[in-house]
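In what follows, a structure is listed as structure tokens, so that the remarks can point back to it.
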Amino acid sequence: MASGHGDSVFANVVRAPEDPILGVTVAYNKDPSPKKLNLGVGAYRTEEGKPLVLNVVRRAEQMLVNDTSRVKEYLPIVGLAEFNKLSAKLIFGVDSPAIQENRVTTVQCLSGTGSLRVGAEFLARHYHEHTIYIPQPTWGNHPKVFTIAGLSVKTYRYYSPETRGLDFQGLLDDLNAAPSGAIVLLHACAHNPTGVDPTPEQWEQIRQLMRSKGLLPFFDSAYQGFASGSLDEDAQSVRMFVSDGGECLVAQSYAKNMGMYGERVGALSIVCKSADVAVRVESQLKLVIRPMYSNPPIHGASIVATILKDSHMYDEWTVELKAMADRIISMRQKLFDALQARGTPGDWSHIIKQIGMFTFTGLNAQQVAFMTKEYHIYMTSDGRISMAGLSSQTVPLLADAIHAAVSTVV
Amino acid sequence: MASDHGDSVFANVVRAPEDPILGVTVAYNKDPSPKKLNLGVGAYRTEEGKPLVLNVVRRAEQMLVNDTSRVKEYLPIVGLAEFNKLSAKLIFGVDSPAIQENRVTTVQCLSGTGSLRVGAEFLARHYHEHTIYIPQPTWGNHPKVFTIAGLSVKTYRYYSPETRGLDFQGLLDDLNAAPSGAIVLLHACAHNPTGVDPTPEQWEQIRQLMRSKGLLPFFDSAYQGFASGSLDEDAQSVRMFVSDGGECLVAQSYAKNMGMYGERVGALSIVCKSADVAVRVESQLKLVIRSMYSNPPIHGASIVAAILKDSHMYHEWTVELKAMADRIISMRQKLFDALQARGTPGDWSHIIKQIGMFTFTGLNAQQVAFMTKEYHIYMTSDGRISMAGLSSQTVSLLADAIHAAVSAVV
């Protein structure tokens with residue numbers, strides 16, 4: 001039974017290129033070489049190079065699943081209420097006045113990406129300014145999420161290649177030149193991809209500037225606890241802004257700090273001037289979520305809530321989290337030492353100064369390509385490497401590759 | 001530290017009304033009456049009025065979670081490959097030529113809603129016609145999903161209140177008048193909210209008309225196996241369209257037939273003219289998903305895949321699924337008999353003729369309001385009741401309420 005049409009109605013659909021970040025793992029998987037290293041995606045690996053499910057997560061999950069009284073009913077559109085409350089306390093602090101005054105609405109979303117997308121769609125519909133300023137550089141997916149949601153994307157200076165540090169004056173100048181009311185994306189800590197964070201003093205200056213110009217902060221918090229090892233310390237930038245009584249959005253991810261990656265667990269919080277506004281904002285967030293996927297998945301959020309609400313499990317979590325953060329810090333030191341030992345040309349101190357999961361090596365695209373071709377080392381083309389993907393065993397291979405790259409390729 | 005702004009930047013955000021379907025449960029939960037009945041959301045209940053997790057689902061889940069070799073790494077953007085393949089086989093048939101010819105791309109999405117939204121966004125970006133025709137009436141969330149995705153929504157006649165059956169001539173006339181290439185939403189089986197489905201002969205006429213006008217079918221398959229009790233029978237409408245070699249989209253949900261509700265498990269399939277087109281289409285679907293939530297949740301899809309690929313578990317599932325479908329069919333019979341016994345005015349045969357989880361009672365909004373107020377029976381204001389929410393115990397209460405409503409309220 002022929003359908004009467006020869007051509008596909010999708011004949012003109014163009015093949016899209018592989019995602020630049022996720023595509024690194026695709027390429028790595030295709031590489032037949034026995035000695036290869038994937039430093040692409042920011043997913044934690046143990047010293048043995050294996051993915052890690054935290055002990056406390058495994059326990060909480062088994063507890064939940066072996067409880068046959070639990071069911072799989074739809075969550076409310078805003079997600080698991082307990083999870084939402086606990087997530088707000090985690091990022092804003094247990095004693096946060098904003099929470100006590102009911103000025104915060106928190107909705108469960110699909111990890112960081114989902115929280116950013118829901119927040120951005122809400123702003124595109126309900127906020128008077130549709131421009132968002134993102135740091136240069138930033139996570140590759142940020143501009144796509146915001147553009148699709150209906151915002152127009154501009155950048156502000158952030159990273160200085162010369163100093164491999166923060167271009168603070170450039171940042172202030174660009175935010176100062178932004179139109180009043182513009183939205184500004186801020187990485188709460190452990191900036192991705194550079195690992196370069198403002199100091200507390202610099203954060204305070206940023207806060208003052210933004211509040212004086214009425215710029216709306218939208219925090220992306222994907223590494224709370226992972227940057228310094230301390231959950232409270234890594235939340236300081238966010239709490240500084242909330243303490244001044246002003247408004248902001250916060251996208252939280254549990255992908256890295258709870259190792260929930262593929263379970264897609266996150267939350268979007270909007271801190272408002274009043275409880276009344278927060279109620280109205282929440283009702284509109286529901287209208288964004290309902291036509292996207294109706295309500296969020298139960299499993300991962302239930303595990304996170306179980307851990308956050310139990311003081312023993314919470315403590316266990318902080319210990320396991322700190323162990324991950326410490327291992328990454330030690331990899332930084334090992335890589336730095338290995339390059340020093342090889343007399344690799346250049347100043348590599350940024351490796352131990354940068355914060356979080358990634359090192360922005362400063363290697364250029366040609367050097368990166370060389371390292372992939374000759375040493376089977378995979379990373380994003382901007383020279384970002386995931387320290388979480390390194391181990392004591394593999395540091396020498398990486399150091400050799402970097403040494404060769406900077407010596408032979410310019 | 002005042003932020004220098006007195007007003008909220010969200011001061012003008014209006015409070016959105018409660019979702020009409022999910023809001024029924026909100027209202028039900030608020031009702032303090034000891035004797036109340038929730039016939040709102042289409043979630044299956046046992047004879048005891050309790051939510052149900054299928055035995056085979058419980059088993060598969062425990063097996064997976066107690067396997068400590070399993071990790072929580074990110075799925076690919078398109079989701080769990082095994083799940084995708086098995087889902088395509090489930091809806092298109094294990095021997096489907098379209099699958100064998102690699103003409104089908106299947107991507108894991110968040111249940112039915114997520115599959116519809118991803119498909120609609122893809123069409124809005126890559127298909128030349130941006131109008132979608134939806135049946136009158138249809139699931140309340142359909143127009144919102146399509147509109148937000150960028151499609152313009154029109155309706156085609158479907159339900160005839162006079163006959164409480166299909167307005168087949170109206171349907172044909174409206175599809176005939178649609179512009180060539182327009183998208184047409186089709187409920188694969190167990191039409192929601194009416195329970196009125198075309199016969200196989202009528203489906204064949206719809207197919208011929210649509211193919212002759214180049215109308216693009218977009219199937220919503222949320223009740224496969226639930227309507228008749230047979231997975232293959234409930235897939236006939238979809239398979240009829242695929243057999244003719246033409247193209248279509250299919251949104252699959254496992255919320256009801258596997259009881260996965262809150263785990264958000266579904267799949268979007270696009271059947272293309274050629275394998276080459278399918279590859280290109282899939283690459284573009286990834287761009288839609290990446291900017292929405294990056295990649296889908298692992299848990300629910302892993303459970304479904306575990307069941308679908310194991311012949312014993314698959315078989316167990318079909319038995320439990322048929323039991324749910326049979327219980328619903330018996331509730332239909334019991335309600336019909338109860339109304340007959342009461343001599344309730346009117347023809348109630350539609351209760352046993354309609355198919356699937358819902359009965360479109362034909363009660364008007366005033367009668368519905370009466371039943372809620374006087375009998376604490378909750379349903380959507382269009383008179384749709386979820387048969388899955390009834391039990392032998394509660395049928396009499398419902399029959400009394402209907403009897404009173406049609407006698408007292410016109």
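Where a number appears in this text, it was derived from the coordinates with a stated rule and is not lab data. Not measured: the values here are computed from a predicted model. In this analysis, Cβ positions are derived from the backbone assuming ideal geometry, glycine residues included, and neighbour counts consider all displayed protein chains.
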* To do: Amide H neighbours of A:LEU215 under 5 Å, at least 5 residues apart or on other chains, H built in the peptide plane: list them.
  => A:GLY181
* the protein assembly as shown: calculated mean residue ellipticity at 222 nm from DSSP helix runs of at least 4, using -39500 (n - 2.57) -> -14000 deg cm²/dmol
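Which length gain, in nm to one decimal place, applies between A:ASP347 and A:SER274 when the Cα-Cα distance is subtracted from 0.36 nm times their residue separation? Don't skip to the end; give the middle numbers.
Working: separation 73, 0.36 × 73 = 26.28 nm, distance 4.98 nm.
Working it through step by step, the gained length comes to 21.3 nm.
Could you work out, residue by residue across A:259-272, how many beta carbons of other chains sit within 10 Å of that residue's beta carbon, and then give the average as an integer?
4
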* Please average, across the residues of A:240-248, the number of beta carbons from any other chain that are within 10 Å of each residue's own beta carbon, and give a whole number. => 3
* **Amide H within-cut-off set for B:TYR133, under 5 Å, with H built and near neighbours excluded** => B:LYS154, B:ILE183, B:VAL184, B:LEU185
* Asked: Summing +1 for each Lys or Arg and -1 for each Asp or Glu, what net charge is found among the other residues whose Cβ lies under 9 Å from the Cβ of B:CYS272?
  -> +1
* Which of A:SER87, A:THR25, A:ALA369 sits farthest toward the positive end of the charge dipole of the protein assembly as shown, with +1 on the Cβ of Lys and Arg and -1 on the Cβ of Asp and Glu? -> A:THR25
* To do: Please identify which residues in the range B:30-70 have an amide N closer than 19 Å to a label point set 7 Å out from the Cα of B:SER396, following the Cα→Cβ vector.
  => B:34-38, B:47-49
* Structure fact -> Net charge near A:ASP95 (other residues with Cβ under 15 Å of its Cβ; Lys, Arg +1; Asp, Glu -1) is +2
* Over the range A:19-103, what relative contact order in percent results from Cα pairs under 8 Å that are six or more residues apart? -> 13 percent
* Taking chain B as the reference, fit the longest principal axis to its C-alpha atoms, fit the long axis of helix B:55-65 to the helix C-alpha atoms, and give the angle between the two in degrees, 0 to 90, nearest 10. => 40 degrees
* Asked: With the Cα gyration tensor of chain B giving a ≥ b ≥ c as the square roots of its eigenvalues, does the rule (a/c under 1.5 for rounded; else a/b larger than b/c for prolate; else oblate) give rounded, prolate or oblate?
  -> rounded
* Relative contact order of the range B:119-161, pairs being alpha-carbon contacts under 8 Å that are 6 or more residues apart, as % -> 47 percent
* In the range A:74-309, with Lys and Arg counted as +1 and Asp and Glu as -1 at Cβ, which of these residues, A:LEU215, A:VAL242, A:SER253, has the Cα nearest the positive end of the dipole, that is, farthest along it? -> A:SER253
* Ordered by residue, what ³J(HN,Hα) values in Hz, to whole numbers, does the range A:201-211 give under the Karplus form 6.51 cos²θ - 1.76 cosθ + 1.60, where θ = phi - 60° and Gly and Pro are x? -> 5, 5, 4, 5, 5, 4, 4, 4, 4, 5, 5
* To do: Determine the shielding of peptide B:126-136 by partner chains: average, over its residues, the number of Cβ atoms on other chains within 10 angstrom of each Cβ.
  => 1
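Considering Cα pairs under 8 angstrom that are at least six residues apart, work out the relative contact order of chain A and quote it in whole percent.
Answer for chain A is 24 percent.
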* To do: Report the dimensions of the protein assembly as shown along its three principal axes from the alpha-carbon atoms, largest first, rounded to Å.
  => 93, 59, 49
* Structure fact -> For the range B:376-383, Karplus-derived ³J(HN,Hα) couplings (6.51, -1.76, 1.60; θ = phi - 60°; whole Hz; x for glycine and proline) come out as 6, 10, 9, 8, 6, 5, 7, x
* Given the Cα-Cα distance of B:ASN176 and B:GLN366 and 0.36 nm per residue of separation, how much length would full extension add, in nm? -> 64.9 nm
* Karplus (6.51, -1.76, 1.60) ³J(HN,Hα), θ = phi - 60°, over the range A:19-24, in Hz, Gly and Pro reported as x -> 4, x, 8, 5, x, 5
* Above-threshold pairs, the threshold being 26 Å between Cα atoms, out of A:LYS144/A:LYS256; A:LYS50/A:LYS373; A:LYS35/A:LYS322; A:LYS50/A:LYS322; A:LYS334/A:LYS373 -> A:LYS35/A:LYS322
* Asked: Amide H to amide H under 5 Å from A:LEU110: which residues, 5+ apart in sequence or cross-chain, H placed 1.01 Å off N in plane?
  -> A:SER115
* **Net charge dipole size for chain A [Lys, Arg +1 and Asp, Glu -1 on Cβ; Debye, nearest 20]** => 620 debye
* In range of the label at A:TYR314: residues from the range A:215-253 whose backbone nitrogen is under 14 Å from the point 7 Å along Cα→Cβ -> A:231-232
* For the protein assembly as shown, with +1 on Lys and Arg beta carbons and -1 on Asp and Glu, the positive-most of B:TYR159, A:SER407, A:GLY119 along the dipole -> B:TYR159
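Rank by packing, highest mean first: peptides A:168-178, A:287-297, B:275-285, with packing defined as the count of other Cβ atoms within 10 Å averaged across residues.
Top of the packing list down: A:287-297, B:275-285, A:168-178.
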* Structure fact -> Classified through the alpha carbon gyration tensor (a ≥ b ≥ c as square roots of its eigenvalues; rounded if a/c is under 1.5, else prolate when a/b is larger than b/c, else oblate), the range A:149-293 comes out oblate
